[in-house]
Amino acid sequence: MTRGSEVRGDVGASVSPVGLSSPGYDIHELRRAEFPWTTGTIYLNHASVGPLPERTRVVLEAFNRKRAAPYMLPDRELIATLTESRRLAAQLIGAADEEIALSINTGFGVSLAARALPLQAGDIVVASDREFPANVYPWMLLKDVGVTLELAPTTPEGWPNEEYLLQRLSDPRVRVLAVSLVQFSNGYKVDLARLSRETRARGIYLVVDAIQGLGAVPVDVRGTPVDILACGAQKWLLSPWGSGFVYVRRDLIRGLRPAVTGWMAFEGTDDFTRLTQYNDMLRGDARRFELITLPYQDFAGMNASLTLLLQLGIDNIQRHLRRLHQPVLDWAAGAGVSIVSPVGDHASGMICVAPENVGPAFRALKAAGIVCSLREGAIRLSPHAYTTTEEMERVVDILEGCSA
(Lines give C-alpha, C1' and ligand atoms only; values in the text may rest on other atoms or scores of the structure.)
Protein backbone atom coordinates (compact mmCIF):
# COMPACT_ATOMS: atom_id res chain seq x y z
CA MET A 1 0.00 0.00 0.00
CA THR A 2 1.32 3.40 -0.86
CA ARG A 3 1.10 6.00 1.83
CA GLY A 4 -2.05 8.06 1.42
CA SER A 5 -4.07 5.32 -0.22
CA GLU A 6 -7.19 4.00 1.46
CA VAL A 7 -6.73 1.26 4.01
CA ARG A 8 -9.45 -1.32 3.50
CA GLY A 9 -9.83 -4.90 4.58
CA ASP A 10 -11.74 -7.75 3.06
CA VAL A 11 -14.09 -7.83 6.04
CA GLY A 12 -15.53 -5.03 8.13
CA ALA A 13 -15.35 -1.28 7.89
CA SER A 14 -12.68 0.65 6.08
CA VAL A 15 -10.08 2.80 7.76
CA SER A 16 -9.43 6.01 5.86
CA PRO A 17 -6.08 7.76 5.91
CA VAL A 18 -5.54 11.35 6.88
CA GLY A 19 -2.58 12.93 5.19
CA LEU A 20 -1.33 14.97 8.15
CA SER A 21 -2.17 12.51 10.91
CA SER A 22 0.92 11.44 12.86
CA PRO A 23 0.64 7.67 12.35
CA GLY A 24 -0.12 7.94 8.62
CA TYR A 25 -3.65 6.60 9.15
CA ASP A 26 -6.79 7.76 10.93
CA ILE A 27 -6.32 6.36 14.41
CA HIS A 28 -9.80 7.32 15.59
CA GLU A 29 -11.44 5.57 12.66
CA LEU A 30 -9.19 2.58 13.28
CA ARG A 31 -10.37 2.43 16.89
CA ARG A 32 -14.02 2.82 15.92
CA ALA A 33 -13.93 0.20 13.17
CA GLU A 34 -11.57 -2.42 14.61
CA PHE A 35 -11.26 -1.88 18.37
CA PRO A 36 -14.57 -0.39 19.58
CA TRP A 37 -14.06 -1.63 23.16
CA THR A 38 -11.24 0.90 23.65
CA THR A 39 -13.73 3.52 24.86
CA GLY A 40 -13.70 1.83 28.26
CA THR A 41 -10.26 0.23 28.58
CA ILE A 42 -6.66 1.27 27.98
CA TYR A 43 -4.97 -1.85 26.69
CA LEU A 44 -1.17 -1.80 26.84
CA ASN A 45 -0.48 -5.53 26.98
CA HIS A 46 0.26 -6.58 23.40
CA ALA A 47 3.51 -8.17 24.53
CA SER A 48 1.31 -10.70 26.34
CA VAL A 49 -1.79 -11.13 24.16
CA GLY A 50 -2.95 -8.99 21.27
CA PRO A 51 -6.68 -8.31 20.81
CA LEU A 52 -8.50 -9.42 17.70
CA PRO A 53 -9.57 -6.65 15.32
CA GLU A 54 -13.29 -6.63 14.52
CA ARG A 55 -12.62 -7.86 11.00
CA THR A 56 -10.82 -10.86 12.45
CA ARG A 57 -13.61 -11.63 14.88
CA VAL A 58 -16.12 -11.51 12.02
CA VAL A 59 -13.99 -13.85 9.90
CA LEU A 60 -13.69 -16.34 12.77
CA GLU A 61 -17.40 -16.32 13.45
CA ALA A 62 -18.21 -16.80 9.77
CA PHE A 63 -15.71 -19.65 9.51
CA ASN A 64 -17.07 -21.39 12.59
CA ARG A 65 -20.61 -21.18 11.23
CA LYS A 66 -19.35 -23.11 8.24
CA ARG A 67 -17.39 -25.47 10.47
CA ALA A 68 -20.65 -26.41 12.19
CA ALA A 69 -21.79 -27.72 8.79
CA PRO A 70 -18.48 -28.89 7.29
CA TYR A 71 -19.94 -29.58 3.86
CA MET A 72 -19.73 -25.78 3.52
CA LEU A 73 -15.92 -25.94 3.78
CA PRO A 74 -14.58 -27.77 0.73
CA ASP A 75 -10.93 -28.82 0.68
CA ARG A 76 -10.08 -26.16 -1.89
CA GLU A 77 -11.22 -23.43 0.53
CA LEU A 78 -9.19 -24.85 3.40
CA ILE A 79 -6.07 -25.17 1.26
CA ALA A 80 -6.58 -21.65 -0.10
CA THR A 81 -6.73 -20.33 3.47
CA LEU A 82 -3.31 -21.76 4.28
CA THR A 83 -1.87 -20.61 0.95
CA GLU A 84 -2.98 -17.07 1.76
CA SER A 85 -1.45 -17.34 5.23
CA ARG A 86 1.93 -18.23 3.73
CA ARG A 87 1.67 -15.38 1.24
CA LEU A 88 0.86 -12.78 3.90
CA ALA A 89 3.53 -14.02 6.31
CA ALA A 90 6.07 -13.87 3.50
CA GLN A 91 5.01 -10.34 2.60
CA LEU A 92 5.34 -9.29 6.24
CA ILE A 93 9.05 -10.18 6.39
CA GLY A 94 10.10 -9.84 2.75
CA ALA A 95 10.37 -13.58 2.13
CA ALA A 96 9.17 -15.87 -0.65
CA ASP A 97 6.01 -17.88 -0.08
CA GLU A 98 7.89 -21.17 -0.37
CA GLU A 99 10.12 -20.17 2.57
CA ILE A 100 7.16 -20.11 4.97
CA ALA A 101 5.91 -23.04 7.04
CA LEU A 102 2.80 -22.48 9.10
CA SER A 103 2.95 -23.40 12.79
CA ILE A 104 0.87 -23.03 15.91
CA ASN A 105 3.43 -21.16 18.03
CA THR A 106 6.98 -19.85 18.30
CA GLY A 107 8.26 -22.83 20.26
CA PHE A 108 7.53 -25.17 17.35
CA GLY A 109 9.78 -23.10 15.08
CA VAL A 110 12.64 -22.95 17.59
CA SER A 111 12.33 -26.68 18.20
CA LEU A 112 12.34 -27.26 14.45
CA ALA A 113 15.62 -25.35 14.21
CA ALA A 114 17.14 -27.20 17.15
CA ARG A 115 16.39 -30.64 15.74
CA ALA A 116 16.74 -30.05 11.99
CA LEU A 117 19.97 -28.04 11.81
CA PRO A 118 23.02 -30.30 11.22
CA LEU A 119 24.52 -30.09 14.70
CA GLN A 120 26.75 -32.71 16.25
CA ALA A 121 28.45 -33.55 19.51
CA GLY A 122 30.84 -30.81 20.59
CA ASP A 123 28.91 -27.99 18.89
CA ILE A 124 27.83 -24.94 20.88
CA VAL A 125 24.65 -22.91 20.64
CA VAL A 126 25.02 -19.40 22.03
CA ALA A 127 22.04 -17.48 23.37
CA SER A 128 21.72 -14.60 25.79
CA ASP A 129 20.90 -15.22 29.41
CA ARG A 130 17.43 -13.99 30.44
CA GLU A 131 15.95 -15.14 27.14
CA PHE A 132 12.32 -16.19 27.11
CA PRO A 133 12.13 -19.94 27.86
CA ALA A 134 10.78 -20.83 24.39
CA ASN A 135 14.20 -19.87 23.02
CA VAL A 136 16.11 -21.78 25.69
CA TYR A 137 14.60 -25.19 26.38
CA PRO A 138 14.69 -26.57 22.81
CA TRP A 139 18.44 -25.86 22.70
CA MET A 140 18.98 -27.12 26.23
CA LEU A 141 17.52 -30.50 25.27
CA LEU A 142 20.26 -30.95 22.68
CA LYS A 143 22.54 -32.06 25.49
CA ASP A 144 21.23 -35.56 24.72
CA VAL A 145 23.24 -35.46 21.47
CA GLY A 146 26.28 -33.72 22.95
CA VAL A 147 25.41 -30.15 21.89
CA THR A 148 25.96 -27.47 24.54
CA LEU A 149 23.77 -24.43 25.12
CA GLU A 150 25.86 -21.50 26.36
CA LEU A 151 23.94 -18.65 27.96
CA ALA A 152 25.92 -15.44 27.53
CA PRO A 153 25.90 -12.91 30.37
CA THR A 154 23.79 -9.81 29.88
CA THR A 155 24.84 -6.19 30.29
CA PRO A 156 24.35 -4.48 33.67
CA GLU A 157 20.99 -3.24 32.31
CA GLY A 158 19.90 -6.82 31.71
CA TRP A 159 20.09 -6.45 27.92
CA PRO A 160 21.78 -8.91 25.56
CA ASN A 161 25.50 -8.15 25.43
CA GLU A 162 25.95 -8.05 21.68
CA GLU A 163 29.67 -7.37 21.89
CA TYR A 164 30.15 -10.54 23.92
CA LEU A 165 27.89 -12.53 21.60
CA LEU A 166 29.95 -11.41 18.62
CA GLN A 167 33.19 -12.32 20.38
CA ARG A 168 31.89 -15.84 20.93
CA LEU A 169 31.34 -16.26 17.21
CA SER A 170 35.10 -16.56 16.77
CA ASP A 171 35.00 -19.91 18.58
CA PRO A 172 34.88 -22.59 15.85
CA ARG A 173 32.70 -24.76 18.08
CA VAL A 174 29.88 -22.19 17.96
CA ARG A 175 27.43 -23.28 15.24
CA VAL A 176 24.25 -21.39 16.17
CA LEU A 177 23.46 -17.94 17.50
CA ALA A 178 19.89 -17.94 18.84
CA VAL A 179 18.40 -14.53 19.61
CA SER A 180 15.10 -12.84 20.28
CA LEU A 181 14.40 -10.00 17.91
CA VAL A 182 13.01 -8.16 20.95
CA GLN A 183 13.51 -9.17 24.57
CA PHE A 184 10.26 -9.99 26.34
CA SER A 185 11.10 -8.38 29.70
CA ASN A 186 12.70 -5.07 28.69
CA GLY A 187 11.99 -4.46 25.00
CA TYR A 188 15.61 -4.53 23.85
CA LYS A 189 15.76 -4.91 20.07
CA VAL A 190 18.91 -6.56 18.79
CA ASP A 191 20.95 -5.12 15.95
CA LEU A 192 19.79 -7.86 13.62
CA ALA A 193 21.69 -6.48 10.63
CA ARG A 194 24.99 -6.62 12.50
CA LEU A 195 24.36 -10.11 13.86
CA SER A 196 23.38 -11.21 10.36
CA ARG A 197 26.59 -9.89 8.81
CA GLU A 198 28.80 -11.50 11.42
CA THR A 199 27.11 -14.90 11.38
CA ARG A 200 27.08 -14.94 7.57
CA ALA A 201 30.79 -14.18 7.49
CA ARG A 202 31.54 -17.13 9.77
CA GLY A 203 29.06 -19.66 8.43
CA ILE A 204 27.13 -19.73 11.73
CA TYR A 205 23.38 -20.27 11.78
CA LEU A 206 21.28 -17.33 12.97
CA VAL A 207 17.95 -18.36 14.51
CA VAL A 208 15.48 -15.64 15.54
CA ASP A 209 12.52 -15.73 17.92
CA ALA A 210 10.51 -12.83 16.47
CA ILE A 211 7.28 -12.95 18.45
CA GLN A 212 7.94 -9.76 20.42
CA GLY A 213 8.90 -7.77 17.35
CA LEU A 214 6.85 -8.62 14.27
CA GLY A 215 3.89 -6.27 13.96
CA ALA A 216 5.73 -3.46 15.71
CA VAL A 217 9.20 -3.68 14.15
CA PRO A 218 9.90 -3.95 10.40
CA VAL A 219 11.88 -7.01 9.30
CA ASP A 220 13.19 -7.73 5.80
CA VAL A 221 14.95 -11.07 5.51
CA ARG A 222 16.17 -10.18 2.02
CA GLY A 223 18.10 -7.18 3.27
CA THR A 224 18.96 -8.79 6.61
CA PRO A 225 19.37 -12.53 6.04
CA VAL A 226 18.61 -14.97 8.84
CA ASP A 227 18.46 -18.75 8.64
CA ILE A 228 15.32 -19.56 10.61
CA LEU A 229 12.79 -17.16 12.11
CA ALA A 230 9.86 -18.29 14.27
CA CYS A 231 6.84 -16.25 15.28
CA GLY A 232 3.56 -17.00 17.00
CA ALA A 233 0.93 -14.54 15.83
CA GLN A 234 -1.09 -14.03 19.01
CA LYS A 235 0.74 -10.95 20.30
CA TRP A 236 1.73 -7.98 18.12
CA LEU A 237 0.22 -9.64 15.03
CA LEU A 238 -3.24 -9.46 16.66
CA SER A 239 -4.13 -12.98 15.61
CA PRO A 240 -5.76 -16.01 17.23
CA TRP A 241 -3.99 -18.39 19.53
CA GLY A 242 -2.77 -21.34 17.49
CA SER A 243 -1.56 -19.30 14.52
CA GLY A 244 2.01 -18.48 13.53
CA PHE A 245 4.75 -19.31 11.08
CA VAL A 246 8.37 -20.29 10.59
CA TYR A 247 10.64 -18.80 7.94
CA VAL A 248 13.39 -21.08 6.63
CA ARG A 249 15.94 -19.58 4.26
CA ARG A 250 15.47 -21.08 0.80
CA ASP A 251 19.04 -22.39 0.49
CA LEU A 252 18.61 -24.43 3.69
CA ILE A 253 15.24 -26.05 3.05
CA ARG A 254 16.26 -29.11 1.04
CA GLY A 255 19.12 -29.89 3.40
CA LEU A 256 16.98 -29.94 6.53
CA ARG A 257 14.88 -32.94 7.54
CA PRO A 258 12.15 -32.40 10.13
CA ALA A 259 12.51 -34.41 13.33
CA VAL A 260 8.73 -34.95 13.30
CA THR A 261 6.67 -34.97 10.15
CA GLY A 262 3.14 -34.45 8.92
CA TRP A 263 1.55 -36.52 6.20
CA MET A 264 1.31 -33.57 3.79
CA ALA A 265 5.02 -32.83 4.09
CA PHE A 266 5.68 -35.15 1.14
CA GLU A 267 5.41 -34.72 -2.60
CA GLY A 268 2.17 -35.90 -4.18
CA THR A 269 0.00 -35.64 -1.06
CA ASP A 270 -2.11 -32.87 -2.58
CA ASP A 271 -3.82 -35.57 -4.64
CA PHE A 272 -6.35 -37.03 -2.23
CA THR A 273 -7.29 -39.75 -4.70
CA ARG A 274 -3.86 -41.40 -4.47
CA LEU A 275 -2.94 -41.12 -0.80
CA THR A 276 -1.75 -44.71 -0.43
CA GLN A 277 0.76 -44.36 -3.25
CA TYR A 278 3.37 -43.40 -0.68
CA ASN A 279 6.26 -41.17 -1.67
CA ASP A 280 9.17 -40.69 0.69
CA MET A 281 10.34 -37.51 -1.03
CA LEU A 282 9.83 -34.45 1.16
CA ARG A 283 8.48 -31.31 -0.45
CA GLY A 284 11.06 -28.95 -1.84
CA ASP A 285 9.63 -25.95 0.02
CA ALA A 286 9.04 -25.12 3.67
CA ARG A 287 5.77 -27.05 3.75
CA ARG A 288 7.96 -30.08 4.53
CA PHE A 289 8.07 -28.69 8.08
CA GLU A 290 4.31 -28.30 8.56
CA LEU A 291 2.23 -30.61 10.75
CA ILE A 292 -1.15 -31.09 9.14
CA THR A 293 -3.98 -30.76 10.18
CA LEU A 294 -3.54 -27.11 11.15
CA PRO A 295 -6.27 -25.03 12.83
CA TYR A 296 -7.75 -23.56 9.64
CA GLN A 297 -10.04 -21.16 11.49
CA ASP A 298 -7.10 -19.59 13.33
CA PHE A 299 -5.22 -19.03 10.10
CA ALA A 300 -8.30 -17.50 8.49
CA GLY A 301 -8.27 -15.07 11.41
CA MET A 302 -4.54 -14.46 11.06
CA ASN A 303 -5.08 -13.59 7.40
CA ALA A 304 -7.52 -10.85 8.34
CA SER A 305 -5.21 -9.43 11.00
CA LEU A 306 -2.08 -9.49 8.82
CA THR A 307 -4.00 -7.79 6.04
CA LEU A 308 -4.90 -4.95 8.40
CA LEU A 309 -1.34 -4.56 9.71
CA LEU A 310 0.17 -4.61 6.23
CA GLN A 311 -2.30 -1.99 5.07
CA LEU A 312 -1.52 0.26 8.00
CA GLY A 313 2.19 -0.24 7.34
CA ILE A 314 4.67 -1.62 9.88
CA ASP A 315 6.92 1.42 9.37
CA ASN A 316 3.97 3.68 10.26
CA ILE A 317 3.19 1.59 13.32
CA GLN A 318 6.81 1.70 14.49
CA ARG A 319 6.93 5.49 14.21
CA HIS A 320 3.63 5.79 16.06
CA LEU A 321 4.88 3.61 18.91
CA ARG A 322 8.02 5.73 19.28
CA ARG A 323 5.81 8.81 19.67
CA LEU A 324 3.64 7.04 22.23
CA HIS A 325 6.66 6.31 24.42
CA GLN A 326 7.59 9.97 24.70
CA PRO A 327 5.18 11.06 27.48
CA VAL A 328 6.46 8.25 29.72
CA LEU A 329 10.09 8.98 28.86
CA ASP A 330 9.65 12.69 29.58
CA TRP A 331 7.94 12.04 32.91
CA ALA A 332 10.54 9.49 34.00
CA ALA A 333 13.40 11.84 33.15
CA GLY A 334 11.86 14.63 35.20
CA ALA A 335 10.92 12.40 38.13
CA GLY A 336 14.19 10.48 38.23
CA VAL A 337 12.42 7.18 37.59
CA SER A 338 14.30 4.35 35.92
CA ILE A 339 13.42 3.26 32.38
CA VAL A 340 14.81 -0.24 31.89
CA SER A 341 14.06 -0.47 28.18
CA PRO A 342 16.42 1.10 25.64
CA VAL A 343 15.80 4.16 23.52
CA GLY A 344 17.14 4.89 20.06
CA ASP A 345 18.12 2.12 17.68
CA HIS A 346 17.48 -0.65 20.21
CA ALA A 347 13.98 0.54 21.15
CA SER A 348 10.98 -1.61 20.26
CA GLY A 349 7.24 -1.43 20.70
CA MET A 350 7.34 -1.74 24.48
CA ILE A 351 8.56 0.61 27.16
CA CYS A 352 9.40 -0.65 30.64
CA VAL A 353 9.40 1.61 33.68
CA ALA A 354 10.63 0.72 37.17
CA PRO A 355 9.50 3.17 39.85
CA GLU A 356 10.69 2.47 43.38
CA ASN A 357 7.15 1.50 44.40
CA VAL A 358 6.67 -0.72 41.38
CA GLY A 359 4.14 -3.07 42.99
CA PRO A 360 1.71 -0.38 44.20
CA ALA A 361 2.16 1.55 40.95
CA PHE A 362 1.26 -1.52 38.90
CA ARG A 363 -1.82 -2.13 41.04
CA ALA A 364 -2.87 1.51 40.67
CA LEU A 365 -2.69 1.23 36.88
CA LYS A 366 -4.76 -1.93 37.01
CA ALA A 367 -7.35 -0.27 39.26
CA ALA A 368 -7.60 2.59 36.76
CA GLY A 369 -8.50 0.19 33.93
CA ILE A 370 -5.05 0.22 32.35
CA VAL A 371 -4.03 -3.28 31.28
CA CYS A 372 -0.26 -3.91 31.30
CA SER A 373 2.20 -6.41 32.78
CA LEU A 374 4.75 -6.65 35.56
CA ARG A 375 7.90 -8.37 34.31
CA GLU A 376 11.29 -8.77 35.98
CA GLY A 377 10.69 -5.89 38.40
CA ALA A 378 9.38 -3.37 35.86
CA ILE A 379 6.01 -2.29 34.52
CA ARG A 380 5.89 -3.32 30.87
CA LEU A 381 3.77 -1.05 28.69
CA SER A 382 3.16 -2.38 25.21
CA PRO A 383 0.89 -0.13 23.11
CA HIS A 384 -0.04 -0.72 19.47
CA ALA A 385 -1.25 0.99 16.32
CA TYR A 386 -4.57 2.12 17.80
CA THR A 387 -3.21 3.43 21.13
CA THR A 388 -3.48 7.21 21.59
CA THR A 389 -1.11 9.73 23.13
CA GLU A 390 -3.88 10.63 25.55
CA GLU A 391 -3.91 7.07 26.84
CA MET A 392 -0.19 7.18 27.49
CA GLU A 393 -0.60 10.51 29.24
CA ARG A 394 -3.19 8.86 31.47
CA VAL A 395 -0.55 6.29 32.41
CA VAL A 396 1.76 9.14 33.40
CA ASP A 397 -0.95 10.71 35.54
CA ILE A 398 -1.41 7.47 37.49
CA LEU A 399 2.33 6.91 37.92
CA GLU A 400 2.82 10.49 39.00
CA GLY A 401 0.08 10.12 41.59
CA CYS A 402 1.76 7.04 43.00
CA SER A 403 5.09 8.82 43.40
CA ALA A 404 3.67 11.96 45.00
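Only one of these conditions is not met by S382: (1) more than 27 Å from A101 (Cα to Cα); (2) surrounded by fewer than 20 Cβ atoms within 10 Å (Cβ to Cβ); (3) among the hydroxyl-bearing types (S, T, Y); (4) in contact with a strand residue (DSSP E or B) (Cβ under 9 Å, 6 or more places away or on another chain). Which number is it?
Of (1) more than 27 Å from A101 (Cα to Cα); (2) surrounded by fewer than 20 Cβ atoms within 10 Å (Cβ to Cβ); (3) among the hydroxyl-bearing types (S, T, Y); (4) in contact with a strand residue (DSSP E or B) (Cβ under 9 Å, 6 or more places away or on another chain), only one is false for S382: (2).
Tell me, which strands (runs of 3 or more DSSP E) wholly within segment 192-306 include 1 or more residues that are aliphatic (A, V, I, L, M), in contact with a helix residue (DSSP H, G or I) (Cβ under 6 Å, 6 or more places away or on another chain) and without any contact (Cβ under 8 Å) to a residue 40 or more places away in the chain?
205-209
For segment 146-176, how many residues are within 22 Å of R202 (Cβ to Cβ), of a type outside the set (D, E, K, R) and open to solvent by 40 Å² or more (accessible area, probe 1.4 Å)?
Of the residues in segment 146-176, 8 are within 22 Å of R202 (Cβ to Cβ), of a type outside the set (D, E, K, R) and open to solvent by 40 Å² or more (accessible area, probe 1.4 Å).
Report whether or not G336 is open to solvent by 60 Å² or more (accessible area, probe 1.4 Å), without any contact (Cβ under 8 Å) to a residue 60 or more places away in the chain and out of contact with any strand residue (DSSP E or B) (no Cβ under 9 Å at 6 or more places or on another chain).
Here the answer is yes, as G336 does meet what is asked.
Cβ-Cβ below 9 Å, separation at least six or inter-chain, first residue in segment 102-126 and within 24 Å of L88 (Cβ to Cβ), second in a loop (DSSP other than H, G, I, E, B) and among the acidic types (D, E): which pairs?
L102/E290; S103/E290; A113/D227
Across segment 127-145, what is the number of residues that are among the hydroxyl-bearing types (S, T, Y) and either open to solvent by 70 Å² or more (accessible area, probe 1.4 Å) or at pLDDT below 95 (or both)?
Result for segment 127-145: 1.
From the list G262, G284, G344, which one is small (G, A, S) and open to solvent by 30 Å² or more (accessible area, probe 1.4 Å)?
G344
Results for (1) within 18 Å of P295 (Cβ to Cβ); (2) out of contact with any helix residue (DSSP H, G or I) (no Cβ under 9 Å at 6 or more places or on another chain); (3) surrounded by 20 or more Cβ atoms within 10 Å (Cβ to Cβ), shown as yes or no for each residue.
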{"site": "W37", "(1), (2), (3)": "no, yes, no"}
{"site": "L44", "(1), (2), (3)": "no, no, yes"}
{"site": "P53", "(1), (2), (3)": "no, no, yes"}
{"site": "R65", "(1), (2), (3)": "yes, no, no"}
{"site": "L73", "(1), (2), (3)": "yes, no, no"}
{"site": "P118", "(1), (2), (3)": "no, yes, no"}
{"site": "V125", "(1), (2), (3)": "no, no, yes"}
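If I filter segment 118-130 for residues that are assigned to a helix (DSSP H, G or I) and of a type in the set (S, T, N, Q), do I get at least one hit?
no
Return yes when R319 is surrounded by 15 or more Cβ atoms within 10 Å (Cβ to Cβ), at pLDDT 95 or above and outside any loop (DSSP other than H, G, I, E, B) and no when it is not.
Against the criterion (surrounded by 15 or more Cβ atoms within 10 Å (Cβ to Cβ), at pLDDT 95 or above and outside any loop (DSSP other than H, G, I, E, B)), R319 does not qualify.
The values are calculated or read from the model by the stated rules, or taken from the named source; none is laboratory data. From a predicted model like this one, the values you see are computed outputs, not experimental measurements. No Cβ is skipped: glycine too gets one built from the backbone with ideal geometry, and neighbour counts run over all protein chains shown. When the accessible area is computed, the model is the full protein with side chains, heavy atoms only, and any ligands, DNA or RNA have been set aside. Shrake-Rupley method; radii C 1.70, N 1.55, O 1.52, S 1.80 Å.
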